[in-house]
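Each remark here refers to the structure printed beneath this line.
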Amino acid sequence: MGISRMLLMFTISISMAIFVVSERNKIIAIGYHVAKLQKNCDELSEKNRKLNYYVGRLKSPEAIVLKVQSLNLPLVLREDESAMVAGCIRLKRDGMNAKKTVVRKDVFTQRYPE
């Protein structure tokens, strides 16, 4: 009986050691995965910060004015507000078909159906 008990204890000890080693390997693999995800998150956060900067630049009134000027629409300062409006002679002729589009609080443009 002594040898069978020792053999059983040895088998249980070896099984426990294998279980502990496999769990430790899983923990290490999860740690590597977390580090990879953290790096990916940092890269995406930096990309998001840069894109927000570019969006802010594109939404600036100066960029909108340059875009309106590149489309050859004259800018007209409205009397009732201190906002600039992209005006066009076609607006006066066909005022019912023009759509007013608010780009920012202080800059407006008109779109015409084609």
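Exactly one residue out of Leu77, Leu37 is open to solvent by 80 Å² or more (accessible area, probe 1.4 Å) and either of a type in the set (D, E, K, R) or modelled with pLDDT of 85 or more (or both), and it is Leu37.
Of all the residues in segment 46-71, those that are among the polar types (S, T, N, Q) and exposed (fewer than 10 other Cβ atoms within 10 Å of the Cβ) number 1.
The residues of segment 1-28 that are modelled with pLDDT of 95 or more and among the polar types (S, T, N, Q), listed by number, are Thr11, Ser13, Ser15, Ser22, Asn25.
The values are calculated or read from the model by the stated rules, or taken from the named source; none is laboratory data. No experiment lies behind these values; they were computed from the predicted model shown. With ideal geometry, Cβ positions are generated from the backbone for all residues, glycine too; neighbour counts draw on all protein chains shown. To get the accessible areas, we keep the full protein, side chains included, count just its heavy atoms, and leave off ligands, DNA and RNA. Shrake-Rupley method; radii C 1.70, N 1.55, O 1.52, S 1.80 Å.
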